[in-house]
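> One structure, pasted below without further comment.
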Amino acid sequence: MNRPYESKVVIMQPSEESSALYWIFHSTYKFIYRVYLSFYMTLKDVYNKLLEKYGYQNWWPVHEGQNSIVEISFGAVLTQNTSWKNVEKALENLIKHNMLDFEKVYCSDIEFLKELIRPAGFYNQKAKTLKAVSKLFLEKPHKDIAREDLLSIKGVGKETADSILLYALNKPYFVIDAYTKRFLSRLGLVSDKIDYDSSQSFITQNIEMDLEVYKEFHALIVKHCKELCTKKPKCEICFFKCERLS
Ligand code: SF4
């Protein structure tokens, strides 16, 4: 059986947009729909719909035979302000020179390190950040590394810290990024002006604390935002249909 909002969305015709009657109907319906989403469509529903459509993403992607904690931690730093394709090039350079290693990066010549990670951009700062992250991992037992430790490193923001905590250290911190905010706000679940901490609280208060769900949910949101909920969303072929109400 269709959900109520799914069947109602279909009856709106573009040809009606110019009439005042349509405008009243549209605004009223939009309001009701937002209320409906807020109260009846749970985050778990959203997660299940994404999982059903895309399947398990098994994040974080790592190269076979490499130390996943090192690779995820470095990848989380390198991915800032660049595409994953560029991160891959930097990671491949590190692998080629046997540098996917906290100790080797910490002790390395910084100019050499910059050259290796150059494809990921902002390599002057990222090289320093990789060294600082390596130092932390060398000095502290992994289980004792806290969010505050990571956030005290220059070049590590909340998204990077939470990515390392969740995917490298298996600690339940939900990762928020631009995709997450865009998607949740288009669903009408949060404001598009929401900040990092409020987005994170909204998710953690509305979904069970489960490491695997946290990992998958974030990965599924990224997948959905790359496939359908892009900057110019492909709502016609999307199974959520929310943007038709904007
Ligand atoms: S693509 Fe459109 S319908 Fe799908 S989630 Fe994004 S805004 Fe909503």
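> Which lysines, on any chain, are close to K128 with Cα under 17 Å apart, when same-chain ones fewer than 8 places away are left out?
Candidates past the 8-residue exclusion: K104, K114, K154.
> A further question on this structure: A 23 angstrom limit on the alpha carbon distance is what I want to check against. Which of K89/K131; K96/K215; K44/K226 exceed it?
Over 23 Å apart, Cα to Cα: K96/K215.
> Please state the shape class of the stretch 58-170: rounded when a/c is under 1.5, otherwise prolate if a/b exceeds b/c and oblate if not, all from the C-alpha gyration tensor.
Cα axes put the stretch 58-170 in the rounded bin.
> So, by mean Cβ neighbours within 10 angstrom, what's the order for 190-199, 158-167, 122-131, 222-231 with the highest one leading?
158-167, 122-131, 222-231, 190-199
> HN-Hα J couplings of the stretch 200-217 from phi, Karplus 6.51/-1.76/1.60, θ = phi - 60°, integer Hz, Gly and Pro as x?
5, 4, 4, 5, 5, 7, 10, 9, 4, 7, 9, 3, 5, 5, 4, 5, 5, 4
> What is the sum of charges, Lys and Arg at +1 and Asp and Glu at -1, for the other residues whose Cβ falls under 14 Å from the Cβ of S199?
-1
> Can you check what the net charge comes to around L166, using other residues whose Cβ is under 13 Å from the Cβ of L166 (Lys, Arg +1; Asp, Glu -1)?
In short, -2.
> So, one more: If you take the beta carbon distance between H63 and F122 as r and set R0 to 22 Å, what does 1/(1 + (r/R0)^6) give as a FRET efficiency, to the nearest 0.05?
Once rounded, the FRET efficiency stands at 0.45.
Coordinate-derived values only; no laboratory data. Bear in mind the structure is a predicted one, so any value in this text is a computation, not a measurement. All Cβ positions, even for glycine, are placed from backbone atoms using ideal geometry, and neighbour counts span all protein chains on display.
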